[in-house]
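A.B. asks: Take a look at the following structure, please.
The values are calculated or read from the model by the stated rules, or taken from the named source; none is laboratory data. Just so you know, these numbers come straight off a predicted model, no measurement behind them. Cβ coordinates were reconstructed from backbone atoms using ideal geometry, including for glycine residues, and neighbour counts include every protein chain displayed.
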Amino acid sequence: MSFQLQSIAIIGHELALAWHDGTEDYLPLQRLREACPCAACEGEPDVMGNKLQPSRQLRPESFILKKYEYVGGYGIQFFWGDGHSSGIYSIQYLKKLMK
Ligand SMILES: [Zn+2]
């Protein structure tokens with residue numbers, strides 16, 4: 001099942017997502033950042049399969065969303081106030097975060 005995103009907007013400290021079926025979701029920016037799916041935030045497994053401690057240091061500006069860009073029709077890349085932007089959130093992943 002795929003979800004069609006109609007539009008997104010930053011409203012205060014939340015990301016608002018409007019879906020094609022007319023529903024809307026709101027996601028706190030802090031939660032969005034903490035769920036960043038990039039390797040640096042997630043922690044990459046080492047050769048033994050152990051997950052390394054994520055190297056991120058989150059600061060207040062880490063939760064400021066400066067801008068976003070659509071990536072290839074399947075995801076959205078977010079640009080954060082601390083310069084971090086390597087996480088690409090798929091539409092499916094964003095929908096999953098709402099639950
Ligand atoms: Zn990240």
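A.B. asks: Please go through segment 29-48 and give me each residue that is part of a loop (DSSP other than H, G, I, E, B) and more than 8 Å from the ligand (Cβ to nearest atom), ordered by number.
C.D. replies: Taking segment 29-48 and keeping what is part of a loop (DSSP other than H, G, I, E, B), we get 35-38, 43-44, 46-48.
Residues satisfying the conditions are 35, 43, 44, 46, 47, 48.
A.B. asks: Let me ask another. Which of the residues spanning segment 61-94 are more than 12 Å from residue 32 (Cα to Cα) and not in a strand (DSSP E or B)?
C.D. replies: Scanning segment 61-94 gives 61, 72, 73, 74, 81, 82, 83, 84, 85, 86, 91, 92.
A.B. asks: For segment 21-50, how many residues meet the condition of being at pLDDT 75 or above, more than 19 Å from residue 67 (Cα to Cα) and among the polar types (S, T, N, Q)?
C.D. replies: So the answer is 1.
A.B. asks: Can you tell me which of 6, 53, 77 is crowded, with 16+ Cβ neighbours inside 10 Å, among the polar types (S, T, N, Q) and either at pLDDT 95 or above or more than 13 Å from the ligand (Cβ to nearest atom) (or both)?
C.D. replies: Exactly one of 6, 53, 77 is crowded, with 16+ Cβ neighbours inside 10 Å, among the polar types (S, T, N, Q) and either at pLDDT 95 or above or more than 13 Å from the ligand (Cβ to nearest atom) (or both), namely 77.
A.B. asks: Can you tell me which of (1) under 10 Å from the mean Cα position of the chain (by Cα); (2) without any contact (Cβ under 8 Å) to a residue 24 or more places away in the chain; (3) over 16 Å from residue 7 (Cα atoms) is the one residue 30 doesn't meet?
C.D. replies: (2)
A.B. asks: I would also like to ask the following. Can you tell me how many residues within segment 2-28 are under 14 Å from residue 99 (Cβ atoms), in a loop (DSSP other than H, G, I, E, B) and touching a helix residue (DSSP H, G or I) at 6+ places or on another chain (Cβ under 9 Å)?
C.D. replies: Qualifying residue count for the region: 1.
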